[in-house]
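Laboratory data are not the source of any read-out in this text; all were calculated from the coordinates shown. Every value quoted in this text rests on a predicted model; they were computed, and no experiment measured them. Cβ sites come from the backbone with ideal geometry, for glycine too, and all protein chains shown count toward neighbours.
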Amino acid sequence: MPRLPAPSLYLLFLGMTLAAAPHLPRLPWWIALLVVGLLGWRAWVVQRSISLPRRWLILGLAFTTLAMVYLHYKTVFGRDAGVALLVIFLALKLLEMRTLRDVTVVVLLAYFLALTNFFYSQTILTGALMTLTLVVLTTALVGFNAPRRRVRDNLKTAGVLLGQGLPVMLVLFLLFPRVQGPLWGMPQDAYAGMTGLSDTMTPGNISSLSQSDAIAFRARFDGEPPARGRLYWRGPVFWEFDGRTWRAGRGPSSQFYRFEPEGVPVQYEMTVEPHNRQWLFALDLAGQVPQGAYGTSDYQLLSRQPVRSRVRYPMHSFLDYRATAGATPAELDYARELPPGVNPRARELALRWRRDAKAEDDVMLRALDYFRTAGLRYTLNPPLLGADSVDEMLFVTKSGFCEHFSSAFVFLMRAAGVPARVVTGYQGGELNPVDQFVVVRQSDAHAWAEVWLPSRGWVRVDPTAAVVPMRVESGLAAAVPDTEPVPLLVRVDVTWLRQLRFSWEALANRWNQWVLGYNPERQRDFLHRLGMPSPDWQKMATTLFWAVGGIVTLIALFVLRRRLSKDPVQRIWLAFCAKLARAGTERRPSEGPAAFAERAGRAHPARAGVVQAVARLYADLRYGPQRDPEGVARLARMVREFRP
Amino acid sequence: MLTSVIKTFFARSDFFGLVFGLRAPESGPIRLTQRRVYVLPTGYGLAFALALLLMLIGSINYSLGLGYVLTFALAGMGLVSMLHTYRNLANLTVRAGRADPVFAGGTATFDLVLENPSGFDRFTLFARHGTFSVDVDVPAERSEVARVAVPAPKRGWLAVGRVTLETRFPVGLFRCWSYVLPEMGVAVYPRPDDSELPPAKARPDSGEVTSTGGGVDDFAGLRPYQPGDSPRHIAWKAAEREGLLLTKHFAGRGAAELWLEWSDLPNALDLEARLSRLARWVLLADEAGFAYGLRIPGAEIEPGFGDAHRDACLTRLALFDATPPRHAAPSRA
């Protein structure tokens with residue numbers, strides 16, 4: 001058994017480390033420790049040329065760690081446990097690899113491990129890191145197949161292979177028939193850690209979302225985006241209140257999506273980040289329902305499948321409307337229900353307004369006035385509230401966040417007998433001047449209220465705007481005191497940093513749109529533009545086959561082309577032989593210059609002298625001790641002028 | 001069971017002759033043209049394809065855009081590697097090089113000279129013969145020797161037979177190979193037994209007694225070196241003094257010669273045992289520095305000494321009664 005080449009082994013360790021590195025912070029600490037330890041052990045084995053540990057030891061370690069992984073994750077299946085096991089077993093396999101076959105299997109597993117990183121992150125950075133990993137691992141693989149070569153040459157070969165494979169990759173990427181996943185049920189933990197709005201609203205959950213500057217969605221408007229204060233992106237709507245938490249309750253009564261539009265619609269395209277829920281966002285109120293989704297009578301857009309990958313849909317919205325759906329007597333009654341007993345002071349206040357007011361809209365205006373003048377404070381860290389949360393917020397702590405204000409407002413409305421509901425979603429957004437996309441982040445999450453006025457239908461009321469108009473006009477950072485922890489870059493003053501982020505995010509957006517977001521629809525669009533109006537499965541497969549075949553043929557022509565000799569003397573000699581071959585005298589592979597010249601001389605007696613001279617000079621130049629540049633020039637001239 | 005059936009089939013049916021058009025040994029340089037170079041994925045290549053399939057399914061299931069990119073990049077790399085594997089072997093030229101004779105039971109070595117006529121380096125080219133395998137790198141426009149070891153169990157003529165030239169460079173996903181049958185062989189000398197030289201015996205024609213006993217004869221003088229003289233008998237000190245090579249000349253050798261004769265062998269010995277005995281005698285006589293001749297049925301080699309003489313005698317013994325190869329030039333290749 002030949003010794004495995006040490007430089008390639010080190011490269012393999014490096015490649016493995018690169019593939020495993022992004023996983024380590026996500027894994028239990030002891031796995032990181034184990035991996036580093038095993039890598040070190042194996043490197044020590046190579047360094048000192050000592051023998052590998054015995055098989056039973058590795059087997060014992062494998063079973064121990066399997067048990068530990070089970071204890072940690074309560075399963076050995078699923079995404080996270082699977083990755084943990086892959087990392088551990090790959091590291092263990094290092095101490096068990098003896099033959100060329102073993103190492104190449106490890107390279108294969110390491111390629112696989114590189115892919116698993118994309119479960120967690122598909123950013124440009126991850127892509128770059130995995131490209132590096134791919135190059136390192138391929139270099140190691142070449143090294144194992146050519147043990148006497150230098151690493152630099154192996155790196156070059158790996159680069160050539162991957163580089164020449166690039167056109168094939170591109171064709172496969174663009175033309176391989178895309179299927180919308182998933183193909184089967186996903187592991188339970190597949191979508192853990194996606195941020196976004198929740199299907200309930202409890203004081204505190206939107207304010208904690210506001211700490212995140214993760215992107216919720218992007219919108220690209222045809223023309224100028226509307227003013228910031230009009231950007232209300234509608235999400236889940238809540239009807240039922242238990243004194244503390246708002247829920248959808250019985251939910252929208254029907255899929256009866258209808259309103260009376262007024263004015264001209266705004267046209268835009270939405271790209272929503274995955275959030276593992278059904279909501280699709282749109283500006284109030286959406287004029288169309290995206291494909292694969294449906295509208296409800298409370299104007300939510302719900303995707304039929306949870307949004308688990310980035311979705312893109314064209315949209316138009318009417319910013320002015322009369323919303324009259326979802327207002328049957330039963331629904332209006334439901335929109336007045338309150339849990340008995342809680343918040344007596346708020347109820348009393350509401351009943352007083354009710355007595356004094358002439359109509360519903362008067363009650364609403366009094367309530368808004370109250371929010372404006374009661375000295376409420378807008379804060380990301382409101383104090384904890386007890387059982388009578390609305391009373392405490394309004395009269396005791398007097399501070400809250402949008403979810404507190406909307407909750408209190410709807411409570412007051414219902415207590416006064418006015419049908420009302422809570423709407424959550426996002427408010428605002430930031431125009432990226434680099435690519436003109438409006439970016440809406442989790443920190444733009446917002447909650448507001450809708451009130452039923454018999455004369456106008458459902459009307460949006462934003463009590464937060466009454467407390468702090470800045471929130472709606474300028475965004476979160478302007479609205480909360482400077483001392484509060486909003487994401488660093490939401491604050492406006494670090495101009496160059498923001499500029500940098502705009503550029504980076506524009507790049508990331510293009511990446512999302514074209515690399516990550518190349519889905520079945522995009523592919524249909526692309527093929528449509530290529531002149532395939534209705535590509536079906538067979539047509540796509542045929543196209544793919546011919547495209548890959550064509551590309552590989554082109555690469556083959558390039559790779560297998562005849563290389564001119566590096567040695568000029570040899571090149572001249574071959575040209576000479578070619579001339580004679582065309583004249584009918586082909587040099588046999590076994591013939592040296594002298595023997596060939598002799599035969600050629602006999603075949604072309606008139607030229608015998610020249611042929612002999614060329615052959616002699618060639619032999620001198622090629623095999624002689626010293627090469628005289630003048631001789632090379634003379635040889636070139638003789639061959640150029642030679643006519644058999 | 002199945003493997004043995006398959007092996008029998010291959011052995012009996014001249015499978016390679018039928019399928020790969022290899023029957024007669026080829027003389028002269030053999031160029032591995034496109035027609036005789038084959039490419040197929042290796043087991044590792046199939047495992048690689050399976051892994052890519054799994055990666056593709058994973059990418060579809062989890063909608064991983066970058067997963068597609070990685071999977072397809074590896075697929076592209078794999079496809080391209082096939083071309084490079086093919087290029088690494090195609091158009092190589094194989095020439096028969098040196099081959100050293102061997103005693104039966106030993107291992108014969110055949111040098112295959114691999115010539116790379118192309119402007120790029122070739123790496124890890126394997127020459128395989130039976131279970132033996134050796135690999136060499138051949139730089140651009142250079143040649144390199146692959147020394148193939150072939151077991152030589154039986155006395156006679158040993159042709160190198162079918163040699164597989166193969167490569168898996170650069171990434172081992174594909175195997176590219178070609179069969180060559182170079183016209184190349186060596187004489188396999190009979191394996192010497194452990195007998196002593198035959199006792200001294202008077203030759204009627206010389207009237208003297210040849211001695212075989214110890215003490216290797218008396219030193220009789222020096223004569224100029226002739227090609228074929230054993231280096232053991234060169235008088236190095238004298239050569240230094242005189243400025244020319246001189247060979248020690250022993251008494252009892254120039255005068256009388258030792259004949260190693262078939263007829264001297266005991267009748268109980270069978271053919272191979274006789275040849276083994278004679279081979280032993282040749283070696284002992286050569287060792288002792290005698291001039292010796294060989295007389296066997298159908299052949300007689302006049303007495304002489306030196307390495308060339310010894311090898312000629314051994315070759316004659318090796319090829320005794322053996323089917324001589326068509327092109328057999330029973331000399332050192």
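Across the range A:410-422, coupling constants 3J(HN,Hα) worked out from phi with the 6.51/-1.76/1.60 Karplus curve, θ = phi - 60°, read 5, 4, 4, 4, 4, 4, 8, x, 9, x, 8, 8, 9 Hz, and Gly and Pro carry x.
Approximating the spin labels as points 7 Å out from Cα along Cα→Cβ, the residue A:74-to-residue A:642 distance works out to 8.4 nm.
Computed over the protein assembly as shown, the alpha-carbon pair-distance distribution with 10 angstrom bins reads 2, 9, 12, 14, 13, 12, 10, 8, 6, 5, 4, 3, 2, 1, 0, 0, each value a whole percent. Computed over neighbours whose Cβ is under 14 Å from that of residue A:368, the net charge equals -3, Lys and Arg +1, Asp and Glu -1. Between residue A:46 and residue A:148, the distance separating the two model label sites (each 7 Å from Cα on the Cα→Cβ line) works out to 2.2 nm. Under 5 Å between amide hydrogens, built in the peptide plane, is the criterion, and for residue A:217 it picks out A:273, A:440 among residues at least 5 positions away or on other chains.
Secondary-structure-derived ellipticity at 222 nm for chain A, considering helices only, amounts to -15500 deg cm²/dmol, per-run term -39500 (n - 2.57) for DSSP H runs with n ≥ 4. Neighbour counts of C-beta atoms inside 10 Å place B:38, B:189 in the sequence B:38, B:189, starting with the fewest.
Neighbour counts of other Cβ atoms within 10 Å put A:446, B:84, B:129 in the fewest-to-most order B:129, B:84, A:446. Residue A:497 to residue A:608: FRET efficiency via 1/(1 + (r/R0)^6), r the Cβ-Cβ distance, R0 60 Å, to the nearest 0.05? For R0 = 60 Å, the calculated efficiency reads 0.15.
Rounded to the nearest 20, the size of the Cβ-charge dipole of the protein assembly as shown about its Cα centre is 1760 debye, with Lys and Arg at +1 and Asp and Glu at -1. Placing +1 on each Lys and Arg Cβ and -1 on each Asp and Glu Cβ, with no other charges, gives the range A:200-490 a dipole about its Cα centre of roughly 420 debye. Each Lys or Arg adds one and each Asp or Glu takes one away; over the other residues whose Cβ falls under 12 Å from the Cβ of residue A:419, this sums to -3.
Between amide H atoms placed 1.01 Å from N, distances below 5 Å from residue B:175 occur with B:40, B:42, all of them 5 or more places distant or on a separate chain. Grouping the Cα pair distances of the range A:6-171 into 5 Å bins from zero gives a pair-distance distribution of 1, 8, 17, 20, 20, 15, 10, 5, 2, 0 percent in increasing distance order. Report the residues of the range B:137-176 in range of a label on residue B:98: point 7 Å along Cα→C-beta, backbone N strictly under 16 Å from it. Of the residues in the range B:137-176, B:144-149 have backbone N under 16 Å from the label point off residue B:98.
Computed from label points 7 Å out along Cα-Cβ, the spacing between residue B:196 and residue B:132 is 3.7 nm.
Across the range A:272-281, computed HN-Hα scalar couplings (Karplus, 6.51 cos²θ - 1.76 cosθ + 1.60, θ = phi - 60°) run 9, 6, x, 9, 6, 10, 8, 5, 10, 9 Hz from first to last residue, x flagging Gly and Pro.
Placing R0 at 25 angstrom, the Cβ-Cβ distance between residue A:521 and residue A:304 gives a FRET efficiency of 0.95 after rounding to 0.05. Name the residue farthest towards the positive end of the dipole of the protein assembly as shown from the options A:113, A:538, A:248, assuming +1 on Cβ of Lys and Arg, -1 on Cβ of Asp and Glu, about the Cα centre. So the residue furthest toward the plus end is A:538.
Charge tally around residue A:635: other residues with Cβ under 14 Å, Lys/Arg +1 each, Asp/Glu -1 each, net +3.
According to the Cα-based calculation, Rg over Rh for the range B:15-187 is 1.11, with Rh computed by the Kirkwood formula. Close amide H partners of residue B:260, meaning residues 5 or more places away or on another chain with modelled amide H under 5 Å apart, are B:293, B:294, B:295. Comparing A:73, B:59, A:141 along the charge dipole axis of the protein assembly as shown, the residue lying farthest to the positive side is A:141, per the Cβ-charge model. Compute the Kirkwood hydrodynamic radius of the range A:517-644, taking the inverse of the mean of 1/r over all pairs of distinct Cα atoms, and give it in Å to one decimal. Averaging 1/r across every pair of different Cα atoms and inverting gives 18.8 Å. Take the Cβ atoms of residue B:147 and residue A:124, set R0 to 45 Å, and the FRET efficiency comes out at 0.30.
Of the residues A:64, A:154, A:378, the one whose Cα sits farthest toward the positive end of the charge dipole of the protein assembly as shown, with +1 on the Cβ of Lys and Arg and -1 on the Cβ of Asp and Glu, is A:154.
Couplings for the range A:512-525, taken from phi via the Karplus curve 6.51 cos²θ - 1.76 cosθ + 1.60 with θ = phi - 60°, read 4, 5, 9, 8, 7, x, 7, 10, x, 5, 4, 5, 4, 4 Hz in order; Gly and Pro are left as x. The ranking of A:379, A:542 by Cβ neighbour count inside 10 Å, starting from the fewest, reads A:542, A:379.
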